[in-house]
Amino acid sequence: MNIALIKYWGKAPSHRPEDANLPAVPSLSLTLAGLGTQTRVRLAPELSDDRIVLDGETLGAGALARARPVLDRVRDLADVAAAFDVVSVNSVPTAAGLASSASGMAALAAASARCAGLSLSDTELSALARVGSGSASRSVFAGWAAWEGASARQVHPADHWDVAIVVAVISRGRKPVGSREAMRLTAATSPYYGPWVEQSRETFEEGLRALAARDLGALIDAMEASTLRMHACGMAARPPVLYWKAASLAAIETVTRLRAESGPCCGWTMDAGPNVKVLCAAADAEQVAAALRATPGVGETLICLPGDGVSVHVERTP
Ligand code: PMV
């Protein structure tokens, strides 16, 4: 799983399936330890169609269609025709703005590619994962990743900086509008979409500089600006894209109060859901988590440290 500090929101136009989810803006993320997806893939010539069981449930046609571009691309590249039989388990709530699609598509890309006999570089794997979900391109890499084209790249390893992301879980329910549709609506109808795309490189460069210098205050500045602009842009769409709940705002107020009271240096971000993610020094994570848990509407908190990207284990069945 990865969390974007500088946000991806909007796609470049594409015509070929392998160009799906090319980003309109650059983004910067941190891959997290402990939260992710475990996916087992097998080539299944006896099946007439791909089958994916996610968290114990067989996906219907709609959800399967999201994974299909990845599996089709693998079949193309490896020149195999068989269906894939996939069993996947998320350790993040599916579709609650906790980046399960990022970890899920990265795991699916890595496992299906290896299963079909491909040995792809991380760059190629990132481009393959991107076809399933844009943010998945970053989950291939450990630590800090930047994404601004066909594939993402690692900008710093996980041990570059002792920070944590504290997730304030506000809802584990499914989000009302998925990121794909929300991005389409934003690009088509928000008067702020053009300005959002125009200013995105500046915020991205600011984030990269702050990260290289391990300047937490500056990174938080850039992260909150990127987050607010992304959401403002969505809110101005018609119909509006509005993921915020009252408890999201309460959690944000907790973060700004902690900071104003010269407590730990911490800053917040939100994705396509109501949960709030707080960046702080790893040493301050417990204090930040306790303050968030005392916030009305926050159910639980998860403390996540920088972690590894995707890894593949091969099992041979007799
Ligand atoms: O790649 P998607 O479709 O899951 O979109 C992700 C969008 C955000 O999470 C809101 C931002 C990001 O950069 O991850």
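Does Leu5 satisfy being more than 12 Å from the ligand (Cβ to nearest atom) and at pLDDT 95 or above? Quick ask: steps written out before the conclusion?
Working: more than 12 Å from the ligand (Cβ to nearest atom): no; at pLDDT 95 or above: yes.
It is false that Leu5 is more than 12 Å from the ligand (Cβ to nearest atom) and at pLDDT 95 or above.
Determine whether segment 255-271 contains at least one residue that is β-branched (Val, Ile, Thr) and in a helix (DSSP H, G or I).
To start, the set of residues in segment 255-271 that are β-branched (Val, Ile, Thr) comprises 255-256, 269.
Applying the additional criterion that residues be in a helix (DSSP H, G or I) yields 255-256.
Checked against the condition, which is being β-branched (Val, Ile, Thr) and in a helix (DSSP H, G or I), segment 255-271 yields at least one hit.
So Leu279 fits all but one of (1) outside any helix (DSSP H, G or I); (2) surrounded by fewer than 22 Cβ atoms within 10 Å (Cβ to Cβ); what number is the exception?
Failing condition for Leu279: (2).
Tell me whether segment 183-191 contains one or more residues that are modelled with pLDDT under 95, surrounded by 21 or more Cβ atoms within 10 Å (Cβ to Cβ) and closer than 27 Å to Ala63 by Cβ.
In the first step, residues of segment 183-191 are kept if they are modelled with pLDDT under 95; the result is none.
Checking segment 183-191: not a single residue is modelled with pLDDT under 95, surrounded by 21 or more Cβ atoms within 10 Å (Cβ to Cβ) and closer than 27 Å to Ala63 by Cβ.
Select from segment 12-55 the residues that are surrounded by fewer than 18 Cβ atoms within 10 Å (Cβ to Cβ), modelled with pLDDT of 95 or more and of a type outside the set (A, V, I, L, M, F, W, C) and write down the one among them that is farthest from the chain's Cα centre (by Cα).
Looking at residues that are surrounded by fewer than 18 Cβ atoms within 10 Å (Cβ to Cβ), modelled with pLDDT of 95 or more and of a type outside the set (A, V, I, L, M, F, W, C), I get Glu46.
Does segment 288-318 hold any residues that are loosely packed, with under 15 Cβ neighbours inside 10 Å and farther than 30 Å from Leu242 by Cβ, and which are they?
Asp308, Ser311, Val312, His313, Val314, Glu315, Arg316, Thr317, Pro318
Select from segment 99-118 the residues that are more than 27 Å from Arg214 (Cα to Cα) and in a loop (DSSP other than H, G, I, E, B) and write down the one among them that is farthest from the ligand (Cβ to nearest atom).
Kept after step one, since they are more than 27 Å from Arg214 (Cα to Cα), are these residues of segment 99-118: 100-101, 104-118.
When the remaining residues are screened for being in a loop (DSSP other than H, G, I, E, B), the result is 116-118.
Numbers: Ala116: 23, Gly117: 27, Leu118: 22 Å.
Result: Gly117.
Condition check ((1) free of Cβ contacts under 8 Å to residues at least 24 places away in the same chain; (2) on the phi > 0 side of the Ramachandran plot; (3) within 21 Å of the chain's Cα centre (by Cα)) across all residues:
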residue	(1), (2), (3)
Gly207	no, no, yes
Leu219	no, no, yes
Ala236	no, no, no
Thr254	no, no, no
Val276	no, no, yes
Ala291	no, no, no
Leu302	no, no, yes
Gly307	no, no, yes
Arg316	yes, no, no
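Scan segment 48-56 and give yes if some residue there is within 14 Å of the ligand (Cβ to nearest atom) and closer than 30 Å to Thr227 by Cα, otherwise no.
Scanning segment 48-56 turns up no residue that is within 14 Å of the ligand (Cβ to nearest atom) and closer than 30 Å to Thr227 by Cα.
The values are calculated or read from the model by the stated rules, or taken from the named source; none is laboratory data. Keep in mind that this is a model prediction, so the values were computed, not measured. No Cβ is skipped: glycine too gets one built from the backbone with ideal geometry, and neighbour counts run over all protein chains shown.
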